[in-house]
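Asks: Sending over a structure as structure tokens; questions will come in a sec.
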Amino acid sequence: MELTDTTALVTGGAHRVGKAITLALARAGCDMVLHYHSSAGPAEETAAEVEALGRRVALVRADLGDASAAPTVVAAAGDLAPVRVLVNSAAAFPDDRLVDVTPGAWQRTLDTNLTGPVFLTQAFARALPADMDGAVVNVTDWRTARPYPDHFSYTVAKGALDTFTEAAAGALAPRIRVNGVALGAILPPPGRDGAYLRELARDIPVQRVGDPGLVADTVLHLLGNDFITGEIVRIHGGAHLV
């Protein structure tokens, strides 16, 4: 896919990995639809950075846990339509275990990490003109293969997102490709600092942690290579080897 003058929608695009992906797409020539939920200030700052790169941007606030919001998010492109790239980056990362997770907390985590991407992908596919191709990248977690003990609902939701990535790739082929990036130690979770990542680095074969730019580079590669679909690329320094 040629990204120049293409419109891309990134959920959770105001900060952290989502921001890195947003700015990488803008540098590659995309106009942006930048979704946020509660981060209005960071979203406006990121939008200004996109505009400084010479690209247009539309901001849209929505709770993606509400499946009915998905068509509105896609339609927020307005004059930037059609949206040909969707990156599902928004996520929730609560602390919980099977023995203590509550039904309400479980549902909120699934709504953000799974229901949102599913119905946003559906809305994206329905809105894409029949004579155009498109691409979706889902941001997931390599630990779905080695579950976190203390992020139960998150890990289950991301595991389902992995399955959805493959199912959607088959369902939407050949016009829309669907891939994923499974993240390892890229940024510390909220409330943690660099020391947390340095501790993790000791157990990673490459003996270092990653950064959001590496994730953005991989997303660009998956979007640009028209012969890749249904794949989930692990960005984790070989952590699965230990």
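All of the numbers you see were taken from the coordinates with simple rules; none came from a lab. Small disclaimer: the values here were computed from a predicted structure and weren't measured. Don't worry about glycine lacking a Cβ; one is built from the backbone with ideal geometry, like all the others, and counts go over all protein chains shown.
Asks: Contact order normalised by length for region 70-143, with contacts defined as Cα pairs under 8 Å and 6 or more residues apart; what percent is it?
Replies: Once normalised by length, the contact order is 53 percent.
Asks: Once you place label points 7 Å from the Cα toward the Cβ at ASP95 and GLU166, how far apart are they in nm?
Replies: Distance between the two pseudo-spin positions: 3.3 nm.
Asks: Using only the alpha-carbon atoms, how far is helix 152-172 inclined from the longest principal axis of the chain? Give it as 0 to 90 degrees, nearest 10.
Replies: Once rounded, one gets 40 degrees.
Asks: Note down the magnitude of the dipole of region 153-221 about its Cα centre, charges +1 on Lys and Arg C-beta and -1 on Asp and Glu C-beta and zero elsewhere, to the nearest 20 debye.
Replies: Roughly 80 debye, rounded to the nearest 20.
Asks: Further question: So if we plug the beta-carbon distance of ARG146 and ALA75 into 1/(1 + (r/R0)^6) with R0 = 30 Å, what FRET efficiency do we get, rounded to 0.05?
Replies: 0.15
Asks: Calculate the FRET efficiency for ALA130 and GLU51 from the Cβ-Cβ distance with a Förster distance of 30 Å, rounded to the nearest 0.05.
Replies: Efficiency, from the Cβ-Cβ distance: 0.45.
Asks: Over the Cα atoms of region 113-228, compute the convex hull volume and normalise it per residue, giving Å³.
Replies: Output value, Cα hull per residue: 123 Å³.
Asks: A follow-up question, please. Taking 8 Å as the Cα distance limit and 6 or more residues as the minimum spacing, I'd like the relative contact order of region 16-169 as a percentage.
Replies: Relative contact order, region 16-169: 22 percent.
Asks: Restricting to DSSP loop positions (anything but H, G, I, E, B) with no more than 13 other Cβ atoms inside 10 Å of their own Cβ, which chymotrypsin sites (Phe, Trp or Tyr not before Pro) remain in region 134-242?
Replies: Those that pass, being in a loop and sparsely packed, are PHE227.
Asks: Could you give the angle, 0 to 90 degrees to the nearest 10, between helix 16-27's Cα long axis and the longest principal axis of the Cα atoms of the chain?
Replies: That helix lies at roughly 30 degrees to the long axis.
Asks: A follow-up question, please. Estimate the FRET efficiency between ASN225 and ASP193 by the formula 1/(1 + (r/R0)^6), using the beta-carbon distance for r and 41 Å for R0, to the nearest 0.05.
Replies: 0.70
Asks: Expressed as an acute angle from 0 to 90° and rounded to the nearest 10, what is the orientation of the C-alpha long axis of helix 116-127 relative to the principal long axis of the chain?
Replies: Once rounded, the angle reads 20 degrees.
Asks: Now a separate question. On average over all directions, what projected area in square nanometres does region 183-230 have, based on the convex hull of its Cα atoms?
Replies: Averaged projected hull area, Cα only: 4.4 nm².
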